[in-house]
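Just so it is clear, none of the values below were taken in a lab; they were calculated from the coordinates. Keep in mind it's a predicted model, so treat the numbers as computed, not measured. Note that each Cβ is placed from the backbone with ideal geometry, even for glycine, and that neighbours are counted across all protein chains shown.
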Amino acid sequence: MHWETIHKQTAPVVPPRLAQYDRARSTFTWSEARAELSGLPGGGLNMAHEAVDRHASAANADKIALQCVARDSSVSR
């Protein structure tokens, strides 16, 4: 299945973390993505841990982990 690329008309409110999207997309593999996750014994995943806890205990703990940009362009962190 091929997904059409979405082209945005305005500059982002927050700079994108993935600036080189086409390059990342062409080199992406699920096995490499899975290797970056902590995982659980037996192979399961705890997404709350992967998204928040792991971030808070790593070198990026002082960086914002999650933020939301509302339709009115306000940012919540």
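Data for the structure
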{"read-out": "Sparsely packed chymotrypsin sites (Phe, Trp or Tyr not before Pro) within the chain, loop by DSSP, other Cβ within 10 Å at most 10", "value": "3, 28"}
{"read-out": "Whole-Hz couplings from phi, Karplus 6.51/-1.76/1.60, listed for the range 13-27; x for Gly and Pro", "value": "5, 10, x, x, 6, 9, 6, 9, 4, 4, 5, 4, 5, 6, 10"}
{"read-out": "Pair residue 14, residue 63: separation of 7 Å Cα→Cβ label points (nm)", "value": "1.3 nm"}
{"read-out": "Debye intensity ratio I(q)/I(0), log10, the chain, q values 0.13, 0.20 Å⁻¹ (C-alpha model)", "value": "-0.63, -1.22"}
{"read-out": "Size of charge dipole - the chain - debye, nearest 20, with Cβ of Lys, Arg +1 and Asp, Glu -1, no other charges", "value": "160 debye"}
{"read-out": "Over the range 33-77, relative contact order from alpha-carbon pairs under 8 Å, at least 6 apart, %", "value": "20 percent"}
